[in-house]
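Everything on this sheet refers to the single structure shown next.
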């Protein structure tokens, strides 16, 4: 083991052409992550422009047409091209390492998944280059608004094509992950020794495999409606515009867990390492993860409580149920920290931010699961607050934790802790000042997706605070990008060694970055934390790293 | 442990403050709105308790079990069946209670009578509203820059039939705590009884295209006699 410590192994630095032609899961993982951060930055810039417009009542900077394109592409970009691919990117890099495999089961298919994803993102965003602009009907594109009559032009068609491409990417990727977990685990790696992150990716892959085809089908129908003639989603054609909502949310709610579970997995990896403890209740955590995945198929119509077209009581019941396994995860994380020795390094700070913020987002979710309360909160800024507490305060914070935790593994270089902490505090304060006041705005009657709002008492001030605070998020995120450029690209980061944090899972038992086929030697696998076991076995020797 | 209690208190206070700021539903002016507001307040109380307990436990672990460079023993417990059963059971009981409360209020809010005193057909279209009073010729239609006013009687049960000729809109009156989609191809009905006379604002809740944010209207709730006199007088002006 000692041979793997110290500076990164001397390897030919990868050239651009190596990335363009690679089938290596690690390079593909890095490309996913870089691309996803790119879309995250683009989506963030769109949001900042919206916040500039909303800082004061009345229209100042934008017209409605531009504003509507901005929020549509902000949502589309963040959901389909930033948050989901961040999870997929970490999965690509880490899943084969965590199960002790040399690569994913189908490396070429994996490369195709990435290129489909990139193409999908570029196609969807290319709507901005067309004469009538990008899609402007919101990220869930309800017909009849999204049909040719009300949203003419090429932008919406490009939006559909982009989503279909990214859907194909997700389907192929999930096949790859499922096959890898089921067929390529190292000897000794039983299913109940698979790390929690990989378990989460397995469940996410099943969700993708079962729901993305539904979205793809719905998009295809919408495309036919738009380009041939209205048949599927238009009342005049004898059909039903609610049908789209069923198809979309049958995908769309599992999608929420597709965006959340990978990051629950990250939290479940980071908490034990920085508490110096084994994860508490491993099997219960796996069970809760599978249960959340299964439940997520039964709750879709809680997005449709106000349509008057679904059984609200039934979907309220299923939506409340999903709070139970989610609550269990919280207790498991707390029990893991309990009586441990908690190190507040940057990855753990972001996880702590996740815990508090996801708690808020989870609780506001229970409010929304109650139809009478949803009648008030639906489609208001309350939902904007809730969704950002889950996806930004939750998933994105955990993604930042994952970057600080695993970039030393990926690059062999540590990120700066000072910049990392500055990043954390700026984004923590900026995030909460931006999104917490939105709960009240929503309850008071501010609808989402408005280019302008009435100058009701207090609304102008609240919106100004929100807009200013969103600038803190931008500064914090810029520090993060600079931290990565400086530490990794410019090579200023301290050498990481193979295990800088005292990691538990197999990726910490190989060099940083790992060699081409991941492992030169592998420790015996007798639990879900083989790297920890190997350290205990070598306890007579001084600690590595 | 000299430090933790003070910090814990701080965490609890911060938690309570956070929940208190987390939003109050508007003061309702309708019978149904009051039921929703009561439900909301119960949810808020439960949410505050859950937040304080869970956030308190997280905060306590971080502070109490922070690494201070000492050789304190790290617990090796990683399973405890009783504890785990407890934390499966607690949220289960909680959501069952919340569900029962929800079901009761939902029944009241969504209750439909066979013969409401007054029926108004509300048409939402890009990007205006039209209010047509059943059994009378009164039709009020908004114009650009002149949002219409829906006049309603206080203390009488009113049915609103929601219809759209184009895309999906949503009829929302924040002070009634009710929102219902206006869907082409179907008629959604809501029923309510306004309790307080006054002027309230309403708006489109579902994004409906270019000028969505301008799709607003007013509600004028007036005493029942004044309302009926106004309606029989052809709906001129605002009573």
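The values are calculated or read from the model by the stated rules, or taken from the named source; none is laboratory data. In this text, all values refer to a predicted model and were calculated from it rather than measured experimentally. Virtual Cβ from ideal backbone geometry, glycine too; neighbours counted across all protein chains shown.
Below are the figures for this structure:
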item	result
Residue satisfying condition, being within 14 Å of chain B (Cβ to nearest Cβ) and touching a helix residue (DSSP H, G or I) at 6+ places or on another chain (Cβ under 6 Å), within set A:498, A:504	A:504
Residue in segment A:445-464 that is under 26 Å from residue A:346 (Cα atoms), within 14 Å of chain B (Cβ to nearest Cβ) and crowded, with 20+ Cβ neighbours inside 10 Å present	no
Whichever residue in segment A:135-176 is in a helix (DSSP H, G or I) and farther than 22 Å from residue A:212 by Cβ and, among such residues, is nearest to the other protein chains (Cβ to nearest Cβ)	A:155
Selected residue [within 30 Å of residue B:165 (Cα to Cα) and part of a helix (DSSP H, G or I)] from A:247, A:285, A:261, A:291	A:247
Residues of segment A:340-357 classified as under 22 Å from the mean Cα position of the chain (by Cα) and within 7 Å of another protein chain (Cβ to nearest Cβ), total	3
Cβ pairs under 7 Å, 6+ apart, first in segment B:55-67 and more than 7 Å from chain A (Cβ to nearest Cβ) and modelled with pLDDT of 95 or more, second in a helix (DSSP H, G or I) and surrounded by 18 or more Cβ atoms within 10 Å (Cβ to Cβ)	B:56/B:11; B:56/B:15; B:59/B:11
Test: residue B:166 is in a loop (DSSP other than H, G, I, E, B), surrounded by fewer than 24 Cβ atoms within 10 Å (Cβ to Cβ) and in contact with a strand residue (DSSP E or B) (Cβ under 9 Å, 6 or more places away or on another chain)	yes
Some residue of segment A:314-325 being under 20 Å from residue A:402 (Cα atoms), part of a helix (DSSP H, G or I) and more than 9 Å from chain B (Cβ to nearest Cβ)	no
Residue among B:203, B:192 that alone is buried (at least 18 other Cβ atoms within 10 Å of the Cβ), in contact with a strand residue (DSSP E or B) (Cβ under 7 Å, 6 or more places away or on another chain), over 11 Å from residue B:125 (Cα atoms) and more than 9 Å from chain A (Cβ to nearest Cβ)	B:192
Residues within segment B:84-116 that are more than 7 Å from chain A (Cβ to nearest Cβ), over 21 Å from the mean Cα position of the chain (by Cα), farther than 17 Å from residue B:50 by Cβ and surrounded by 14 or more Cβ atoms within 10 Å (Cβ to Cβ), tallied	1
